[in-house]
Amino acid sequence: MNDLYHPRSVVIKKTVIENEARDIKTFELVFLDQEEREKFEFSCGQFAMLSVAGAGESPIGIASSPLDDEYLHFTVKRYPTGVVTTALHSLEEGSEIGVRGPYGNFYPLKAMEDKNIVIVGGGFAFTTLRSTIRYLLHDKNRSRFKDITVLYGARTPGELIYKSELKQWEERDDVNMYVTVDRGEEDWKGRVGLVPNILSEVAPSSENSIALVCGPPIMLKYTMPPLLDLGFSPERIITSLERRMSCGIGKCGRCNIGSKYICKDGPVFTYKELRELPEAAV
Amino acid sequence: MRKGDRLKEKIIKKEQIGKWLEKLGKDYEIWAPVKKNGLVSFYPIQSAKEIYFDFLNSKKTPKDLFFPQSEVLLSFPKEEVGKEVKTILQKPRIIFAIRPCDAKSLALLDQVFDSEDYQDPYYVERREGILLVGLACTHPQQSCFCTSVGGGPFEKAHLDLVMADLGDGKYFVEALTQLGEGLMQRDDSLQDVQEKDREKLAKTKEEAEEKVKSKLVTKGLEKKLDKIFDSPLWDRVHQRCLGCGICTYLCSTCHCFALLDEKDKARVKRIRNWDSCMFPEFTVEASGHNPRISNRERMRQRVMHKFNYFVERYGETACVGCGRCIQSCPVNIDIREIIEEIRNE
Amino acid sequence: MEGNRIVSKEKSEWKPRIIAFLCNWCSYAGADLAGIGRLQYPPNVRIIRVPCSGRINPYFIIKSLQHGVDGVLVSGCHPGDCHYISGNLVARRRFAILKRILEFAGVEKGRVQFTWISAAEGERFSQVIKEVTQEIKALGPNKRFVKEA
Amino acid sequence: MQESEKELREVAKKLLLEKKVDLIIGYEEGTLPLRTRPIFIREADETKKLVWNFRCENNLCFYLKMAKERVGIVAKGCDIRSIIGLIKERQIKRENIFIIGVPCSGIIDRKKIEDILEGRELLEGIESDSQIILKGEGLEEKVDKDKLVHASCKSCKYRNPVLYDTLIGKEVSQGEGEEYSDVEEFASKSDNERWAYFNDEASRCIRCYACRNVCPACYCPQCFVDQSLPTWFGRTLHPSDTLIFHIIRTLHIAGRCVDCGACSRVCPMNIELRMLNKKAEKDVKELYHYEAGISLEELPPMATFKMDDPQEFIK
């Protein structure tokens, strides 16, 4: 009866510190009851409520692919005033936490088939895009999609997350990888430049293409004009929003933007939808 | 329900009410308006003597009997999970003398908490286990505007039974559901309705409706609001706002909440508390970023949610015109004025 | 939690749980000295070391009561001896008002106590603990502010 | 009253016309009987909306905390004491505030009217010099203003502004009577009685925080009760949580509270918040001989100390 708010038990199998500042960690979670994993059917772009007993719950995007059926990945940034994120970061491997979800809508994977995919990500908001890339590049799926271009940027090389995977993807010839940083460092040999600028340089074709964009609000704001210039129509630009959430199921009211609830009607919106929402500020 | 079925109408004398409630009290826990510390609120009663019949409306809305301001949803360690939602109501309940506007607010909350895609177990159990005995409003206040938002002082919708004070020591009682009929039949001393009672009822109703002096045009308001999200109007209307939670916590339709954990010696409790969009903390994210930075944005959200977003989502205005926010606002922010300003914008 | 169990036993067996916030520079060392000197005092006190009595926020005291402790003792340096010159003097004003307000609200006199104990006063420390424990024992279990499970 | 209202409007108009201030914060008539409310005036023409009367119950200092421009504020004795506190604690700058001081013989406590009405609705209230006429359905009652004066005002010793840039009207006589008689009477009750009283008051609290928000002394960017890391106290309606909130607020404003009574007046649940605050005020006066909001120089008592401060309470 109280299933709605009842988190399922998972164990932290592994944690990976993703950045130099050591405040972004990826948690590999395994359900105590494997049946629960099977019931936990999700798609790329969705999120779940992670809960630490005594600290509370926090909405976190799912970073693993739906095809990673052994585990779930969540990449969490710890904030000084974030009760749950701080609690999560202090947990050791083997600790038990709760997962409730999956919630929200997802990227239109079906509509993306037979199309060129342009993925633009910034900073730590790359998580659900990572889920998507893993999904698209999976042996079972790759052939269903045309060209895949990934543009990912962070402020500094130390802030790039999923570094080993980025390298793997760069080595593949069926994906065009562009990794950039706002500010380079001495041993950084890669690109330096803001995501919107690199996007204009790379200039992926908009023909038969869909763009997925996810990043901090300021990046979203400046990425939209170049995408439009490249010929992407607003309904072909897909993005994901973030707001403070509490219930995850469209009831508690705090992620309300216009008549939509980000947690339920989102977090994935097309740029067209977004422009019609008050308060979205993109 | 068969409309106009006169067998479902009875007359009860004021002095009989005590007896009737005593009979009902055997099977039901009765909650009724009681005056304590100068405030009228709904409390469980033992005798009809405790009831404060002459109330204009209760200070707090009876919404908290369905959706409490603070409620434990779960508790850990996990062996206790699942035991938590025991039967919430020990005994079926009657809310006696609920006002029609507050009954309507429950119908609005149903849209949120008892919809096709989501049934809140805590809310639904209470909703199913609590009967609503309405008391028609013979003294609407100056700040009432129920008739402008689809209600009325004698509105019968969403009630199981409705009573109306005919002013001559008699109450007109009408059963509106089978359960309501059951309540009525509990007492065979209820009298049959005479023609003059019916006339009296019509007259009282008319008088009451006349007393609702505030007339607001809410039709088309949602369309107007669509266009004025960035209007300077919001700079004006929020100016006085103190940013407190009175309007939201006394509102009969506000339903935002927060889930949070609390630890005590033995366990962790996951608690659901009411929250208010008027508080800065409502939207502040872990990063410290707050998308609604000032009272201006927060008040706009409150108005938009009631008169635009809710309408778009559920087809109705999330306001029943009870006027509580107007009465209790410490700086006299008056939603009627705001609506008027929006219309004139 | 252990203390919790003690509370729930027969009243005759009831032993108060007391939290003592001790300044690192004086009273804490005083407690140490009492220990070194093998001075006996009741074992009902849980010590929390703080850098100065000025560090003690009224929240600590009220929160302790809310969590169900039966008494709170705060001890700092004698006036003039503060390691940080005046931490205890500012705190003294704060404690004075706090104590009066708590008692006004119905918290029994003696439930929350304040004292100055220097690093050299081991004997005094054990004496104060004896007295405080006795007084709180006489008051019985704390019922004020306790948020029951 | 009429005279001073006229004078007030003229002063305000002049201030705006001469561009001495950008904004006037004062009172206008509200939308309910006997209600006035804050008004913000930037155009000289609008000053005719200003009112000054027995019903100007709000403490307008709340708005000073966020004003960015030069502000003229209509302020009663207690409001001015609040302003002094804000200046002293560097929340506002003296040079940005033009104080239009109004001597005040006490303001209305609408809760007393509710008691008189006993559930009936007030449809009209007419204020005359010494009386209020209450009108409603089958109701017409004349009540002496004296009977409706808020408890804070009765014994107020600062009815005439202690600091101002211009004074409207004539000085009035100070309040009379023993200021702390309520507190003393209450203190004479038993521990259990006092605890039961506060527990009962706190059990009505709905955590709307109107008392805190309206309080001129409460200006923390984030209140302790809203802090999440650490979460100091619970956010439930348990009287322990709500009482702790009120007690800690009392401690925070001890030596700073000017007993303007705004917290009590805004409380929708009729919680008598003054009792705690008045007690703290009394203690501060007794122990440190300090009264809040009187001088711009003297340090707030809880931010300072004396070597020989009383310490009879130290074991």
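Every number here is computed from the coordinates shown, using simple stated rules; none is lab data. Since we're looking at a predicted model, the values are computed, not measured. Every residue, glycine as well, gets a Cβ built from its backbone with ideal geometry; the counts of neighbours run over all protein chains shown.
General remarks:
- Sorted largest first, the spans of the alpha carbon positions of the protein assembly as shown along the three principal axes are 93, 90, 76 Å.
- Averaged over the residues of B:27-33, the number of partner chain Cβ atoms lying within 10 Å of the residue Cβ comes to 0.
- Shielding score for C:138-144, defined as the mean number of other chain Cβ atoms within 10 Å: 1
- Lacking any other cysteine beta-carbon closer than 4.7 Å, the following Cys residues of chain A have no compatible partner: A:CYS44, A:CYS214, A:CYS255, A:CYS263.
- Cα centroids of the range D:185-234 and the range A:61-95: 37 Å apart.
- When the listed pairs C:LYS109/D:LYS315; B:LYS63/B:LYS211; D:LYS112/D:LYS154 are checked against a 18 Å cut-off, the alpha-carbon distance exceeds it for B:LYS63/B:LYS211.
- For chain A, diffusion coefficient by Stokes-Einstein and Kirkwood Rh (Cα), 10 °C, 1.306 mPa s, µm²/s: 83
- Each of B:LYS14 and A:LYS272 was given a label point 7 Å from its Cα along the Cα-to-Cβ line. The distance between the two points is 6.5 nm.
- Where the Cα pairs of chain D fall when distances are cut into 20 Å bins, in %: 30, 59, 11, 0
- Spacing of the modelled spin labels on A:ASP33 and A:ASP139, each 7 Å from Cα toward Cβ, amounts to 3.3 nm.
- Isolated cysteines of chain C, defined as having no other cysteine beta carbon under 4.7 Å away, are C:CYS23, C:CYS52, C:CYS82.
- Inter-probe distance in nm under a simple model that places probes 7 Å from Cα toward Cβ, at B:SER294 and D:ALA303: 2.6
- Applying a threshold of 18 Å to the alpha-carbon distances of D:LYS14/D:LYS76; B:LYS10/B:LYS200; A:LYS25/A:LYS221; D:LYS111/D:LYS142; D:LYS189/D:LYS279; B:LYS104/B:LYS213 flags D:LYS14/D:LYS76; A:LYS25/A:LYS221; B:LYS104/B:LYS213 as lying beyond it.
- Residues D:THR36, A:THR81, B:THR61 in ascending order of nearby Cβ atoms (within 10 Å, fewest first): A:THR81, D:THR36, B:THR61.
- Principal-axis analysis of the Cα atoms of chain B puts helix B:295-304 at an angle of about 40° to the longest axis.
- Two-site FRET efficiency, B:ASP54 against A:GLU41, from Cβ-Cβ distance with R₀ of 45 Å, rounded to 0.05: 0.20
- Applying 1/(1 + (r/R0)^6) with r as the Cβ-Cβ distance of C:GLN40 and A:LEU91 and R0 = 30 angstrom yields a FRET efficiency of 0.10.
- DSSP beta bridge pairing in the range B:6-211, given as percent antiparallel to the nearest 5: 65
- Relative contact order (percent, whole number), the range B:220-345, Cα cutoff 8 Å, 6+ residue spacing: 33
- Chain A: relative contact order as a whole-number percent, Cα under 8 Å and 6+ apart: 17
- Label point 7 Å beyond Cα of B:GLU316 along Cβ direction - residues of the range B:26-66 with amide nitrogen under 15 Å: B:63
- For chain A, DSSP calls about 60 percent of its internal beta bridges antiparallel.
- Distance from the alpha carbon centroid of the range C:9-54 to that of the range A:174-213 works out to 63 angstrom.
- Computed from phi, the 3J(HN,Hα) profile of the range C:115-128 under the Karplus parametrisation 6.51, -1.76, 1.60 (θ = phi - 60°) reads 7, 10, 9, 8, 5, 8, 9, x, 5, 4, 4, 5, 5, 4 Hz, with x in place of Gly and Pro.
- Its relative contact order, with pairs defined as Cα atoms under 8 Å and 6+ residues apart, puts chain D at 16 percent.
- Globularity ratio of the range A:109-240, using Cα Rg and 2.2 N^0.38 Å: 0.98
- Square roots of five times the Cα gyration tensor eigenvalues for the range B:97-251, Å: 34, 23, 13
- For the segment D:188-196, counting C-beta atoms of other chains within 10 Å of every residue's C-beta and taking the mean gives 3.
- Among the GluC sites (Glu not before Pro) within the range D:1-110, those in coil by DSSP and having at most 14 neighbouring Cβ atoms inside 10 Å are D:GLU18, D:GLU43, D:GLU69, D:GLU89.
- When the trypsin sites (Lys or Arg not before Pro) in the range D:126-186 are filtered for DSSP coil states and for at most 13 other beta-carbon atoms within 10 Å of their beta-carbon, the remaining sites are D:LYS157, D:LYS170.
- With one equal scatterer per alpha carbon and no solvent term, the Debye-computed log10 I(q)/I(0) for the range B:6-211 at 0.11 1/Å reads -0.54.
- Here D:LYS14 and D:MET66 are evaluated by their C-beta separation; at R0 = 22 Å the FRET efficiency comes out at 0.30.
- Qualifying trypsin sites (Lys or Arg not before Pro) in the range A:185-264, DSSP loop, other Cβ atoms within 10 Å at most 16: A:LYS189
- Each DSSP beta bridge with both residues in the protein assembly as shown is either parallel or antiparallel, and the antiparallel ones are about 60%.
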